[in-house]
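To keep things clear, I will list the structure first and then write my remarks on it.
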Amino acid sequence: MTATRSHDPTRLPDRALVSDPAPVPEPTRSRTAVAPQVTPERPHRILTPISMIGLTVGWSSVLAVTAGHATLSTHLPTAALTAVLAAIVAVIILCAFGVVAQAERLADRLGDPYGTLVLTLSVVIVEVILISAVMFAPGGDRSAARDSVMAVSMIILDLVIGAAMVIAALVARRRHRDAQQANRRGVATYLSLIAVLATMGLALPRVIGAHGTLSTPAAVAVAVVTIGLYTAFLVHQLGSGRSDFQEVDHAAPRRRGSVYPSRADGSVRSVLLGHRREIALRAVVLMLLILPIVALSHTMATLLHDALDRVGAPVALSGVLIAMIVFLPEAITTLRSSAAGQMQRVSNLCHGALLSTLGLTIPAVLAVGLITDQTVVLGESTVNLAFLAATVLISAITFSRAQVTAWAGFAHLVVFTAYAVTLFT
């Protein structure tokens with residue numbers, strides 16, 4: 001017999017009697033970002049295999065070249081010359097890969113645009129070293145800076161960016177989505193400054209100079225204005241215009257033609273404070289990888305001149321070789337970024353590297369020429385200036401679209417092919 005229960009309005013339902021106790025309120029979380037616990041990188045993670053190989057092979061090669069300096073100064077047989085030159089170039093490329101690997105890790109720590117700035121400046125340092133070695137070696141090529149800057153411009157703006165666009169479009173198509181474009185405000189800033197600095201560094205010497213050279217007052221003026229303009233750009237990029245050079249948040253609502261950057265992951269100051277030991281160690285390793293390039297560059301330049309003379313190759317090939325050595329590691333990084341759909345990183349790497357080349361390499365070479373009283377030929381040919389102008393125009397059109405297309409990449413690749421043909425005619 002079941003007992004009847006009297007109705008009590010104050011009595012809780014049975015399920016309330018057996019239910020779980022009221023959850024204890026969690027402590028309220030602050031909406032402000034909390035700095036994550038810093039876990040310092042272990043030395044074996046900083047000294048990656050590519051860095052260890054670069055340091056070992058690089059410094060061993062420096063010792064070998066120093067010990068065999070007397071032999072290398074003699075007239076080597078063609079086979080021996082080719083083998084030694086190829087070995088030195090391979091060592092320089094290996095060290096360059098190590099430099100870029102360390103700079104990439106610093107870039108990951110610092111975030112854009114600071115990270116890509118570190119990466120591009122590291123590449124520019126290597127480029128200035130190699131150009132100076134080729135130009136000012138005995139019997140050097142006084143137009144090496146011009147040829148190298150022109151080759152870098154065409155390789156970056158047409159070959160690498162063209163390939164990156166094709167890869168990004170094909171990968172996006174395979175994943176059944178659109179390949180999103182880079183931040184158009186940042187790209188517009190890059191291209192406008194590239195056009196101005198290329199005009200000052202490559203076109204102006206042809207117009208006002210004798211045989212493509214600048215007088216001392218003109219060289220000083222070009223160097224000062226170029227450095228000033230590039231410095232102003234860096235202040236803008238790292239300051240009020242930082243959002244123009246960050247990945248676009250495509251999920252945010254927007255109006256036609258507007259750009260909404262994604263939020264930054266954290267302040268650079270907190271990263272520097274939290275990872276100062278790792279950053280300092282990576283900077284030391286980076287410099288130790290650059291020094292073998294400095295030491296081997298003079299020998300490479302001497303052997304390169306001898307090799308080009310023997311085969312009767314165009315002088316401009318020395319500049320192309322420098323450009324390929326310098327930008328090969330960064331080009332691989334760029335293509336990986338395009339495959340991941342990071343077109344803003346592609347723009348920062350490519351356009352930022354070229355802008356650094358125009359803004360720092362040309363003034364540095366002019367300064368070295370003035371100090372050593374050497375002639376520096378910067379005036380470019382009409383054909384190459386036309387290629388460069390067409391490239392900037394095509395870049396402005398292709399990057400103004402909302403999505404990346406393979407046809408835009410093919411347009412850049414065709415222009416580079418035409419430029420490559422002219423090198424041998």
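The label-point distance for ASP373 and ALA390, in a model that sets each label 7 Å from Cα toward Cβ, rounds to 4.4 nm. Please label the shape of the stretch 144-246 as rounded, prolate or oblate, based on the square roots a ≥ b ≥ c of the eigenvalues of the alpha-carbon gyration tensor (a/c under 1.5 means rounded; beyond that, a/b larger than b/c means prolate, else oblate). It is oblate, given that a/c is not under 1.5 and a/b is not larger than b/c. Diagonalising the gyration tensor over the Cα atoms of the stretch 113-169 and scaling each eigenvalue by 5 before taking the square root yields semi-axes of 27, 16, 6 Å, largest first. Overall dimensions of the stretch 181-241, expressed as equivalent-ellipsoid semi-axes from the Cα gyration tensor (√(5λ), whole Å, largest first), are 28, 14, 5. Reducing the stretch 343-401 and the stretch 41-112 to their Cα centroids gives an inter-centroid distance of 26 Å.
Its residues counted as N, the stretch 333-391 yields a C-alpha radius of gyration over 2.2 N^0.38 Å of 1.54. Working from label points 7 Å from Cα in the Cα-to-Cβ sense, the LEU328 to ILE227 distance is 3.2 nm. Calculation over all alpha carbon pairs of the stretch 277-332 in 10 angstrom steps from 0 returns a P(r) of 19, 38, 28, 11, 4, 0 percent. Note on HIS236 and LEU121: their simple-model spin labels are 1.9 nm apart, each label 7 Å out from Cα toward Cβ.
How would the stretch 84-133 be classified by its alpha-carbon gyration tensor: rounded, prolate or oblate, with rounded meaning a/c under 1.5 and the a/b versus b/c comparison settling the rest?
It comes out oblate by the Cα gyration axes.
At most 15 other Cβ atoms within 10 Å and a DSSP loop assignment: could you name the chymotrypsin sites (Phe, Trp or Tyr not before Pro) in the stretch 333-425 that fit?
The qualifying sites are PHE424.
Where a number appears in this text, it was derived from the coordinates with a stated rule and is not lab data. These numbers were taken from a predicted model, which means no experiment stands behind them. Note that each Cβ is placed from the backbone with ideal geometry, even for glycine, and that neighbours are counted across all protein chains shown.
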